[in-house]
Every structure is written in structure tokens, then in C-alpha cells.
Amino acid sequence: MSETLQRKGAIGTIAEAADWLVRNPVLLPVFFVVGVIDALGEASFLFSVLGFAAVIVADGIAHRFAFAEVRGTQTNVVAETEVVFSKFLSLAGATIVYVIAVIIGLILLIIPGIYLGLRLSLAFPAIVIDDQGMMEGLETSWEVAKGNLLKLLGIWIIFLVGVFSVVISLLIVGGTESLGLTVALSAILTAIIAPIVQLAYARVYLENRGSTVRTDDGGWGSDTR
């Protein structure tokens, strides 16, 4: 499977991720709901907590859809949600470790935070695609991301541009003092940007999936599955 997946740069990866989203429009309402919860989280602690969980689940679903695309199989949100729920504790744990590592790195003059974020960014697709635990997923990401830092950085920059666009749009709309309009715009932009980025991260992982299997000597070897 992954042995024949064509390697692409950041732009090519994002482009294919966008194509996958077009072929799987069901992801749009999934991330729209996440966008609504996130926007409401600005005014409510409860929605902030729900937003944390919703992002984890939605991202995991996107990673599973990317896996289906690479395999050339059909899937649905219900089936993939069940898979993601079964790995929720591992995903939540990895998310907490990721956030703490990035915050510490950012405190250490920003660049270490970016580096740690990139090295750990593939833990989440590793967990939901290859049924790995929290620590195994983080270790897998650390190894796989090493040879893909520039690509991951490119995807991350594109993501930041998207986030910046959302923030600017919300600031403009915020002048109307319309909570409903602000929430709707945030949700729409999230529904478009977030799934593309997560599908892209999953593709990077799948592109390198053949090197994510532990060998008997503790190193990393090819996956013949």
C-alpha cells in the first residue's frame, strides 16, 4: 500500500488532501460542528472542554478517511467514529503531551516549539490508522517526521495562513457584534481548512508508513502488510 504511494511536497500533499475532501464532503459538516463548538468555547468553559474532545474526534475521522482513500475503499463517518472513540484516551493523552511539549518549546525561544510540534504531529494518524498506543504513536511520529520536516513545515505554514484568515475574518465580523454571524463564519472556515490539513498530515504518515514498523532489534524497518 504505502510502498507505492507517490511522494509529494507540501503543496502537492495539500492539493491531494483538498481533492480527498471534495470526494468525501461528509467531512465538511463534521468539522463545521467542531467550528461551532470552538467558537462558542470562547464564551463558555463547557464548550471549551467539548471543543477539545470534538477536535480530537474530528481529526481522527479525517485520518481514517485518508486511510480509506489510499486503500481505495469506501467508508462512512459512523464506522470511523467508532474506531476513533476506541482510541480516544490514547489520542487525548498524545494531544496533552503534544501541547505541553510545544508550549515548553515555545518558551525556549519559539523554534524548539515549532520543531517539537513537527516531530510529534504524526502521532495522531499513527494511533488511529495503525492502532498504536499513546507512547508508541509519539515514538512513531518522532521517527517518521525526522525525514519530512520541511514538508510538515510547509503544511503547517499553510495551516497558519488559514488560521490567520479566520482570525482576521472574525475580527472584521466582530465589529458587527453579531455572535451568530461570528460563530457561523468561524465554523464555515474551520470546515474547509481543518479537514484539508488533517488529511494532509495523514497522507504524510501513510506515504512513510512502510518505515513505521518496529524490527526485532528495536530499529525501524519496512512494512510488508
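Some observations on this one:
- The stretch between Phe52 and Ile114, if pulled fully straight at 0.36 nm per residue, gains 20.2 nm over its current Cα-Cα span.
- Rg to Rh quotient for the stretch 2-205, alpha carbon positions, Kirkwood Rh: 0.95
- For the pair Ile11 and Asp131, the difference between a 0.36 nm per residue extended length and the Cα-Cα distance amounts to 40.4 nm.
- The stretch 18-63: C-alpha gyration tensor shape, a/c 1.5 cut-off, then a/b vs b/c: prolate
- Normalised contact order of the stretch 2-205, rounded percent, pairs of Cα under 8 Å and 6 or more residues apart: 34 percent
Each reported figure results from applying straightforward, stated rules to the coordinates on display, with no laboratory input. As the structure is a computational prediction, the values presented were derived from the model and not from experiment.
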